[in-house]
Amino acid sequence: MDTYAEQARLEPADTWFGFKQLLPLSFFVAAFGLAFGLAAAQEGLSEGSIVLMSALVYAGTSQFAALELWGTQVPLVPLIITTFAINARHLLMGASLYPWLQHLPVFKRYGIMLLASDANWAMAMQGFHRGERALGILFGGGLAIWSFWMLGTGLGLYFGSAIEDPFSIGLDMVLGCFLLSMTLGGRKDLRTLLIWTVAGVSAMLAYWWLPANSHVVVGALSGGLVGALWMEKEQR
């Protein structure tokens, strides 16, 4: 659609706006990165490996999961399966962003997706559905979160003893609460309600009855399937 092509423009002002929008949340991300830097150092990883992992993997929960499997002999296959299960939601995130990214050059498209995370994806999708050009939120917001994640990781290598257990003070719940607020502030119609209900119920059932981390995949696929079967009518 032509409107998608218009929304696919990415300007410096949009990027700066997106950066500022996600800046408050980024401070909590830095604290979580600090805890990861400490935990990774305690597992015996070199400083270079820790920094590269945060810079290139850029997936907090799966990085913590990888540390749990780390040792003198790393079980490669379980590590791959675990990290894939945790990050499988990015497959659907990428699919949902495709209409707005398809007109961009390849290097820009994948450069933006390199910084895609739950928070900036949720805010960008809200903007897109309101008819806004939200690529700046997606890219600038992702840049803010990535920068503070890297800052936190670096601080954790040296000063991480200040927060040894981020779960004990609820830092792991910050992003979840943020995404919940994005959901409640999004569309409110029967289709959206059904999608979230099916995704939530199936994820909880999978959490109770299926292997660890599989609930992420099950919930995302269940909700996505409902959305695919109940296609939204195109509006001009």
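Things to note:
- Among the criteria (1) open to solvent by less than 80 Å² (accessible area, probe 1.4 Å); (2) modelled with pLDDT of 85 or more; (3) of a type outside the set (D, E, K, R), the one Phe107 does not fulfil is (1).
- Gly127 open to solvent by less than 20 Å² (accessible area, probe 1.4 Å), without any contact (Cβ under 8 Å) to a residue 60 or more places away in the chain and in contact with a helix residue (DSSP H, G or I) (Cβ under 6 Å, 6 or more places away or on another chain): yes
- Hits in the stretch 64-99 - residues which are farther than 25 Å from Ala119 by Cα and not in a helix (DSSP H, G or I): Leu69, Trp70, Gly71, Thr72, Gln73, Val74, Pro75
- Positions within the stretch 80-103 being over 24 Å from Phe139 (Cα atoms) and free of Cβ contacts under 8 Å to residues at least 40 places away in the same chain, in sequence order: Ile80, Ile81
- Matching residues in the stretch 102-119 - criterion: being farther than 19 Å from Gly219 by Cα and in contact with a Leu (Cβ under 8 Å, 6 or more places away or on another chain): Leu104, Lys108, Arg109, Ile112, Met113, Leu115, Ala116
- Total residues in the stretch 54-63 satisfying the condition of being assigned to a helix (DSSP H, G or I) and either open to solvent by less than 30 Å² (accessible area, probe 1.4 Å) or among the basic types (Lys, Arg) (or both): the figure is 5.
- Pairs, first over 24 Å from Gly152 (Cβ atoms) in the stretch 51-79, second acidic (Asp, Glu) and open to solvent by less than 60 Å² (accessible area, probe 1.4 Å), C-beta under 9 Å, six or more apart: none
The values are calculated or read from the model by the stated rules, or taken from the named source; none is laboratory data. Keep in mind the model is a prediction, meaning the values are calculated, not measured. Neighbour counts are summed over all protein chains in view; Cβ atoms, including those assigned to glycine, are modelled from backbone coordinates with ideal geometry. Each accessible area value is taken on the protein alone, full model and side chains, heavy atoms only, with ligands, DNA and RNA left out. Shrake-Rupley method; radii C 1.70, N 1.55, O 1.52, S 1.80 Å.
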